[in-house]
1. In segment 33-68, which residues are touching a strand residue (DSSP E or B) at 6+ places or on another chain (Cβ under 7 Å), under 12 Å from Val215 (Cβ atoms) and among the small types (Gly, Ala, Ser)?
2. For segment 1-114, which fully contained strands (runs of 3 or more DSSP E) count at least 1 residues that are buried (at least 20 other Cβ atoms within 10 Å of the Cβ), modelled with pLDDT of 95 or more and out of contact with any Gly (no Cβ under 9 Å at 6 or more places or on another chain)?
3. Output yes when any residue across segment 280-292 is among the aromatic types (Phe, Trp, Tyr), out of contact with any Lys or Arg (no Cβ under 6 Å at 6 or more places or on another chain), surrounded by fewer than 23 Cβ atoms within 10 Å (Cβ to Cβ) and more than 30 Å from Trp395 (Cβ to Cβ), and no when none is.
4. Please tell me if Ser440 is under 25 Å from Tyr338 (Cα atoms) and in a loop (DSSP other than H, G, I, E, B).
5. Say we look at segment 115-147 and pick out the residues that are in a loop (DSSP other than H, G, I, E, B) and of a type in the set (Ser, Thr, Tyr); which of these is farthest from Pro60 (Cα to Cα)?
6. Can you find a residue that is in a helix (DSSP H, G or I), modelled with pLDDT of 95 or more and not hydroxyl-bearing (Ser, Thr, Tyr) anywhere in segment 248-259?
7. What residue, among those in segment 235-247 that are in a helix (DSSP H, G or I) and in contact with a helix residue (DSSP H, G or I) (Cβ under 7 Å, 6 or more places away or on another chain), is surrounded by the fewest Cβ atoms within 10 Å (Cβ to Cβ)?
8. Looking only at segment 148-186, filter to residues that are part of a loop (DSSP other than H, G, I, E, B) and of a type in the set (Val, Ile, Thr); which one of those is farthest from the chain's Cα centre (by Cα)?
Amino acid sequence: MRTAAVVHVAAGSLLLTALAAAPAGAGTPDAEPRGTATAAARASAEGIDFGACPAEQGLPGTVQCGTVRVPLDYARPDGKQIELTVSRVRATGKDPDNSKRKVRRQGSLVHNPGGPGATGMYFPMMGALPQWKRLAAAYDLVGYAPRGVGRSAPLSCTDPGTFFKGPSKAPVHPTAAHKRKRVARAKAYARGCAERNGDSLRYYNSLNNARDLDVLRAALGENRLTFLGSSYGTYLGALYATLFPSHVRRMVFDSAVNPDPEQIWYRNNLDQSAAFEDRWADFRAWAARHDDVYGLGDTAREVQGSYDKARARLAKEPAGGKVGPGQLQAAFLKAGYYDDHWPHRAQALSAYLKGDPGPLVEQAQEYPEAAAEAENARAVYLAVECNDAPWPTDWAVWDRDNTRLARRAPFETWGNVWTNLPCAYWRAPRQRPLDVRAGSGELPPTLILAAERDAATPYDGALELHRRLAGSALVTERDAGSHGLAGGANACVHGHLEAYLLDGRVPGRRASCAPHPEPKPASADRRAGEARPAV
């Protein structure tokens with residue numbers, strides 16, 4: 001699912017099974033479980049030699065780094081090994097409200113930020129934030145770069161030097177000629193992934209990510225895993241809970257992906273595109289309520305007209321020679337993830353239409369120095385999602401489904417298609433999605449956090465995960481849509497998170513929290529920073 005770092009297959013096209021199909025040549029059906037146990041035992045004995053982090057990571061001296069070895073292919077645990085990078089800050093052991101009071105250490109809290117393709121190496125730095133201090137007192141905060149990401153056996157599918165090709169057009173309703181160009185580009189990208197990575201490409205998938213997580217647990221010296229997964233990280237956590245239920249201590253699913261095997265991943269992307277349209281409407285309504293500040297129109301329709309005017313103008317003459325309609329859409333897509341982007345996006349659009357392109361160029365341009373990281377993230381994203389499940393291989397299916405969807409959800413539909421289309425032409429073998437579920441008593445209580453109007457992971461996904469995991473508790477932020485709630489602006493949600501991770505308490509089966517306050521309009525200062533980096 002498209003996050004930074006996400007539409008319909010004919011019924012029955014996915015063959016559901018309790019065990020995912022092993023890659024060709026992987027051996028007996030129990031080869032991966034035995035290989036995982038072997039790798040975990042080895043990791044438990046070796047541990048992780050934490051020390052100073054590599055300078056290029058840009059992490060402060062308070063963060064330690066190390067590596068853990070995992071098999072490329074779990075069916076062959078003694079075969080080729082790859083190294084995953086890991087970061088950690090030790091539990092402080094100090095009560096933030098009373099520094100003289102000791103806090104009992106509860107082990108490691110491991111985080112996966114999603115993507116797939118995002119790195120978690122920076123997660124331990126969260127402990128310095130006020131809302132994380134109580135958790136940082138009790139837990140070692142542990143982040144890692146999943147296989148393929150960053151320094152963890154990195155994947156690449158094309159020359160990073162050519163990855164940013166802006167300014168780009170990105171038509172809302174593409175012509176047949178434009179579609180042909182994008183199909184050709186998707187075929188070339190899929191071919192590049194196969195040629196650059198060879199046979200190893202097949203081993204970058206969600207099931208192996210879950211197995212890696214169990215090896216990491218063992219390397220950290222934990223008998224049971226305490227885990228916080230965000231976005232795609234919730235699907236990873238759900239796979240882990242299904243594969244290794246006895247290894248779960250506490251598990252938080254923050255902004256849950258729909259784990260229904262028939263949704264992975266094509267249908268989830270259709271649902272995501274539809275949800276982004278609703279969230280785009282929320283932004284336009286907010287901007288209209290603040291027409292006195294931005295002058296974009298006092299109705300959502302008028303705000304749309306202002307946006308369309310900017311698109312048309314950028315198509316004729318890119319701002320600063322760098323920002324075209326494609327970059328504009330990508331910048332405003334981030335506003336669909338996080339409402340704390342709304343003030344600065346609205347201010348940039350307003351300034352551009354009044355003759356000052358500076359704020360828009362600042363917010364929407366693509367930076368060549370970030371190209372390698374962005375290309376790596378996209379390569380991992382596609383490798384994992386394309387490998388995880390069957391996708392339609394006939395362009396006519398994609399064209400039919402998305403042409404229909406774009407009539408009512410034009411904002412993100414075709415952008416989502418172009419992101420995922422290489423999966424139609426993927427050359428590596430496909431998995432069959434695991435049937436995620438846990439019966440009564442199979443898992444300790446788990447916690448799901450979800451916002452009702454989340455676009456990146458629509459709320460139906462949280463409901464589906466809640467149905468599938470017996471004993472789970474669902475905390476809903478009503479009438480809100482920011483993606484990723486843990487440690488965020490909602491004190492009610494954060495209270496449930498702390499109660500669970502610190503004391504193991506869950507709020508029954510369901511609980512709800514009032515929405516966090518809407519953002520206030522930004523000042524006219526175009527250099528005002530954004531509260532949250534894009535994911």
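The values are calculated or read from the model by the stated rules, or taken from the named source; none is laboratory data. From a predicted model like this one, the values you see are computed outputs, not experimental measurements. Positions of Cβ are generated from backbone atoms using ideal geometry, with glycine treated the same way; all protein chains shown enter the neighbour counts.
1. Gly35, Ala39, Ala43
2. 64-71, 81-89, 108-112
3. yes
4. So Ser440 fails the test.
5. Taking segment 115-147 and keeping what is in a loop (DSSP other than H, G, I, E, B), we get 115-122, 129, 139, 145-147.
Subsequent filtering for residues that are of a type in the set (Ser, Thr, Tyr) retains 119, 122, 139.
Details: Thr119: 16, Tyr122: 10, Tyr139: 19 Å.
By that ranking, first place goes to Tyr139.
6. Within segment 248-259 (the criterion being in a helix (DSSP H, G or I), modelled with pLDDT of 95 or more and not hydroxyl-bearing (Ser, Thr, Tyr)), the answer is no, since none of the residues qualifies.
7. His247
8. Thr175
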